[in-house]
Structure formats: structure tokens, C-alpha cells
Amino acid sequence: MTTTDGTDTTRPSPARMYDYFLGGGNNFDIDRQTAERVMAVSAETVAVARSNRRFLIEAVRYAAGRGIRQFLDIGSGLPTAQNVHEVARAVAPEARTLYADNDPSVLPHARALIAGDELTRYIEADARDPEGILTHPETVRLMDFSRPVALLMVAVLHFVRDADDPRGIVAGFMSELPSGSVLILSHVTVDGIDPALWERIQVTNPSMAVPLNFRTGEEIGGFFDGLDLVDPGMVDCRAWAPGGAIAHSADALRTWCGVAVKR
Ligand SMILES: C[S@@+](CC[C@H](N)C(=O)[O-])C[C@H]1O[C@@H](n2cnc3c(N)ncnc32)[C@H](O)[C@@H]1O
């Protein structure tokens, strides 16, 4: 079935499933059923989603605290509590935010949330097309690329296959941003994964609507190449805090994250 805004309610959407993991209400039966199946395989998913979101909020606050006033959020997901523009504007009311996601079901919610807000825009676009995003008329109207930008690629690159060159995508964005810009990135990892969980994931993951590409810490660290990671470096999302890592217990499933500055 398709809703009046064109959303297909018969296919699960990663954005709406993530909304369900975060406790949001912007999801359909198919999303909830698929999310519950994921949780049956990996009960850790909800904690991972929430710690990822906490990282995003802390990192945006940190970037705004460094003086950054422009935020480019790629794979933004559905609006939820403490959106990027809200967190940034709590620090700097003049902060500008451009959201981009390739899931059409995100668009109506996002547009409703930011209606009448001249400093915030949402575009439907694919992370695999940095040039298309950076030259989109809404981007050009909103952003000043002579001034530092915070590029958010939070929990999105694990939806991008190696064949689509995720490192090239990050480099494609960062090469167009000026010195002082920051990369805020998180990515699910195979490092330290519980072996029984990994076996279950390998059985179920290929049949997901958009399968996850689990990567090693070495591969994920490569996204920060040529940039200066700020303290505490690349860490588990549960641990990230500006200036020093938070102690946490060993987990069956982890997400690496970091914030890095372009020289
Ligand atoms: C797990 S959610 C993350 C949302 C948000 N970045 C966060 O971390 O809270 C992943 C989002 O990435 C989006 N996504 C996946 N592949 C994408 C692509 N190739 N281009 C743009 N968005 C993509 C999905 O639609 C979904 O909304």
C-alpha cells in the first residue's frame, strides 16, 4: 500500500526501523515486525541505536562549541528528539542545517518539522553522490563553503557497499570543505562481536531490505585518513565524550565513532 505522500508501507525502511529502535512513532507495521526480527537476532540493536544517537548529539554540540555554524547531515533519518538543527541552535541560534536522506518516507516528516525555518533544509538525495548533494540548489542557497562545515555521516556508511567506494564518498565531501571543517562519523563494526551473534547476523543480514556492511575498525579508521581525530579518538559510541572516553562494559555488538578536523 502507498500513502497519500507516496510512502510504500509494504516494504520496511531502515529510517523507520531506526525510529522504532529509538522509541519513535513514525513507523508502520512492516517496520515494527522487521525491527522485532532484528531484535530477536540481536537484542543489542536498541542499545546500539541509542548510544549512536547520543554520540550524534554530543558531537554536534561539540562542533557548535568549536564555532561551526553549518551542518550537513547525510543519512539524517526521520526527525526524532534532539535533531541536529535543534542541538546546534541551542548553542548558536544562527546555525544552518541541511539534511539529506535517500528514503522518500523521510521527506514529508522532515519538511513538516522544518516548515517556515529558513536556516534548515531537507533534500532527498543519495550519499553516494557527494557532488549532487554539494551542488544541489538548496545546499548552495543555504551553505557557504568558504566557512567550516560539520559533515555528519552517522550510521549511514554501513548501508553503502564496498563497490560504491564509501572512502571515496567521504573524501569527495571533505575535499570540497574548507580547513577547520569536521567529520562526525559512526559505523557498525565486526570488531569484538560475539561469535554466536555474528553467526546469526550472517544468516539474516543478506535478506534485509538494505543489508548492513559490517566493517573492521581498521576499515572504519580509514574514513578519517588525512584528518585529525579529536579526543577521545575513534571509540565505541558508548564511550565518546569530548576530551575523554567514558568507561563502559564489553558489548556483544559495537559501533565505532569519531570526530575529526580537516587541517
Ligand atoms: C540508522 S539511520 C541513521 C540516522 C541518523 N544519521 C542517526 O545516526 O541518528 C540510517 C539512515 O541512512 C539512510 N541511508 C541509507 N543509505 C543511504 C544513502 N545511500 N544515501 C542517503 N541516505 C541513506 C537511511 O534511509 C536512514 O535514514
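The values are calculated or read from the model by the stated rules, or taken from the named source; none is laboratory data. Bear in mind that the values here come from a model prediction, so they are computed numbers and not experimental data. Because the Cβ atoms are built from the backbone with ideal geometry, glycine has one as well, and the counts that use them run over all protein chains shown. Quick note on the areas: whole protein, heavy atoms, side chains included, nothing else; ligands and nucleic acids left out. Shrake-Rupley method; radii C 1.70, N 1.55, O 1.52, S 1.80 Å.
Couple of notes before you dig in:
- Three-way shape call for region 1-114 based on the alpha-carbon gyration tensor, with the a/c threshold at 1.5: oblate
- Per-residue accessible area (protein heavy atoms, 1.4 Å probe) orders D31, D164, D117 as D164, D117, D31, starting from the largest.
- Remark: accessible surface ordering of R61, R141, R37 (largest first) is R37, R141, R61, probe radius 1.4 Å.
- Computed [θ] at 222 nm, helices only, for the chain once each DSSP H run of length n ≥ 4 contributes -39500 (n - 2.57): -10500 deg cm²/dmol
- Each of A64, I184, T204 was placed along the dipole of region 14-261 (beta-carbon charges, centred on the mean Cα), and the one lying farthest toward the positive end is A64.
- Inter-label distance for R161 and A245, nm, one decimal - labels placed 7 Å from Cα along Cα-to-Cβ: 3.4
- Length added when fully stretched, L229-D117, from 0.36 nm per residue minus Cα-Cα: 37.1 nm
- With a cut-off of 18 Å on the backbone N, the residues of region 9-31 near the modelled label site 7 Å out from E124 along Cα-Cβ are 9-17, 27-28.
- Accessible surface computed residue by residue for the chain, with neighbouring protein chains in place and a 1.4 Å probe, gives 44 Å² per residue.
- Of the listed residues S146, S186, the order by accessible area with a 1.4 Å probe, largest first, is S146, S186.
- For region 133-179: span of alpha carbons on each principal axis (Å, largest first): 31, 23, 17
- Computed over region 14-261, the ratio Rg/Rh where both radii use C-alpha atoms and Rh is Kirkwood: 0.94
- Region 1-98: GluC sites (Glu not before Pro) in DSSP coil with no more than 12 other Cβ atoms inside 10 Å: E94
- Area accessible to solvent at T189, 1.4 Å probe radius, in Å²: 0
- Cβ-derived FRET efficiency at R0 30 Å, E176 paired with Q202, nearest 0.05: 0.25
- Share of carbon and sulfur in the accessible area of the chain stands at 53%, probe radius 1.4 Å.
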